[in-house]
Amino acid sequence: MAVNGKKLRVTELDFDNIKDNLKIFLKAQTEFKDYDFEGSGMSVLLDTLAYNTHYNAILAHNSLNESFIDTAQIRSNVVSRAKLLGYVPRSRTAAMATLALTFPASINDSQGSYTIESGLKFTTDIDDVTYSFITTEDYTAQLDLINEVYLFPKVEIYEGRIKHNKYVVDESLPYQKFEIDDDTIDISQLEVDVYENARTSSFQAYTRFSEIGEVVGDSPVYFINENYNSNYEISFGDNVFGKKPEALNIIDFKYISTFGAEANNASVFRWANVGDIPGIVTVSKSSGGAEKEGIESIRFNSPLSFVAQNRTVTIDDFKSIIGQNVTGLQTLSV
């Protein structure tokens, strides 16, 4: 680069090199031909110029890097770029185990069927730490008249505890979003229910948005993204693309708060809230628990997800879908 006919080096970013380049440039000027550039006054001025140049160079370098998903290092920037590709990073995931449960007929006075409701609790110990597991749906079994038992051959239980976050819809906020300030959430278990007001018990369940072609103005769907605080943020439609909750509606976010991978490999479970009743057989030990998706995984998976567009045709399509829905993978071959 030439300034007033003099060459000035502009490729260095290191502070000392920038200062040396400034000295070389000034020594080439007739006004400073015999000047002492190591003198305290000039040295301070050169330090200031070099610092300012170095600072701006680093700022420009980092700003440019953080603008692209391939080079960004700050999580919020990687997530922001992935959002443009329609990708939602995986949350922490609860470990899941499968049990076979047997109840004596006397527990239900030998009625024809018996239902265990969601929220049935179990506990287990891993490395001297106790973890709680719960059912997330209802199960019904018919009475076995020969053995006089109710047999549930396949009951899925998830590690964690149920939490609720409730919000009131405020119509004065044109773009109201709802943040779940909990890093332990498993969004795959998130339930979103909208109540008409605080006094009613009836509600409408909203489902997570997945396919654009299936959404119309009154579709009860919600949209989820990770925000700059690394928390998940929920938003709703505008009555053109998805149904918009009305003013003073109560929105209830129900989810599992989990320890993630810590609860994997549990194989012995016991009742937590139904008394000392025998009849627990572990069909499959706990697995699938995982930590929140990391930056490198987001960087790798989001472009594949965008290319696949929820289709499974090519090898990369299958890699993308499996990566989004199966946690704890170390290697994947398709």
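The values are calculated or read from the model by the stated rules, or taken from the named source; none is laboratory data. What you see is a predicted model, and the numbers here were worked out from it, not measured in a lab. Using ideal geometry, Cβ is built from the backbone for each residue, glycine included, and neighbour counts are taken over all protein chains shown. Heads up: the accessible areas ignore ligands, DNA and RNA and are worked out on the full protein's heavy atoms, side chains in. Shrake-Rupley method; radii C 1.70, N 1.55, O 1.52, S 1.80 Å.
Structure summary
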| read-out | value |
| --- | --- |
| Ile185 vs. criteria hydrophobic (A, V, I, L, M, F, W, C), modelled with pLDDT of 90 or more and more than 20 Å from Glu246 (Cβ to Cβ) | yes |
| Some residue of region 260-278 being modelled with pLDDT of 85 or more and under 27 Å from Ala82 (Cα atoms) | yes |
| Selection from region 237-271 of residues that are touching a Gly at 6+ places or on another chain (Cβ under 6 Å) and open to solvent by less than 40 Å² (accessible area, probe 1.4 Å) | Ile256, Ser257, Thr258, Gly260, Ala263, Asn264 |
| Residue, farthest from the chain's Cα centre (by Cα), within region 18-60, restricted to residues that are closer than 30 Å to Arg81 by Cβ and open to solvent by 90 Å² or more (accessible area, probe 1.4 Å) | Tyr55 |
| Unmet criterion (only one of (1) among the hydrophobic types (A, V, I, L, M, F, W, C); (2) closer than 21 Å to Lys292 by Cα; (3) touching a helix residue (DSSP H, G or I) at 6+ places or on another chain (Cβ under 9 Å)) for Phe253 | (3) |
| Members of region 199-236 found to be of a type in the set (A, V, I, L, M, F, W, C), exposed (fewer than 12 other Cβ atoms within 10 Å of the Cβ) and at pLDDT 90 or above, listed by number | Ala205 |
| Listing of strands (runs of 3 or more DSSP E) fully contained in region 156-199 that carry 1 or more residues being under 29 Å from Val268 (Cβ atoms) | 161-168, 185-195 |
| Residues satisfying the stated conditions in region 88-107, i.e. touching a strand residue (DSSP E or B) at 6+ places or on another chain (Cβ under 9 Å), open to solvent by 40 Å² or more (accessible area, probe 1.4 Å) and not basic (Lys, Arg) | Met96, Thr102, Pro104, Ile107 |
| Residue satisfying condition, being under 18 Å from Phe269 (Cβ atoms), open to solvent by less than 30 Å² (accessible area, probe 1.4 Å) and without any contact (Cβ under 8 Å) to a residue 24 or more places away in the chain, within set Thr124, Thr130, Thr135 | Thr135 |
| Condition met for Thr140 (out of contact with any His (no Cβ under 9 Å at 6 or more places or on another chain), buried (at least 17 other Cβ atoms within 10 Å of the Cβ), over 19 Å from Val221 (Cα atoms) and not charged (D, E, K, R)) | no |
| Residue within region 202-221 that is part of a strand (DSSP E or B) and within 30 Å of Ile277 (Cβ to Cβ) present | no |
| Residue that is in a strand (DSSP E or B) and open to solvent by less than 40 Å² (accessible area, probe 1.4 Å), where the choices are Tyr150, Tyr114 | Tyr150 |
| Residue list for region 272-293, restricted to those being in contact with a helix residue (DSSP H, G or I) (Cβ under 6 Å, 6 or more places away or on another chain) and surrounded by fewer than 20 Cβ atoms within 10 Å (Cβ to Cβ) | Glu291 |
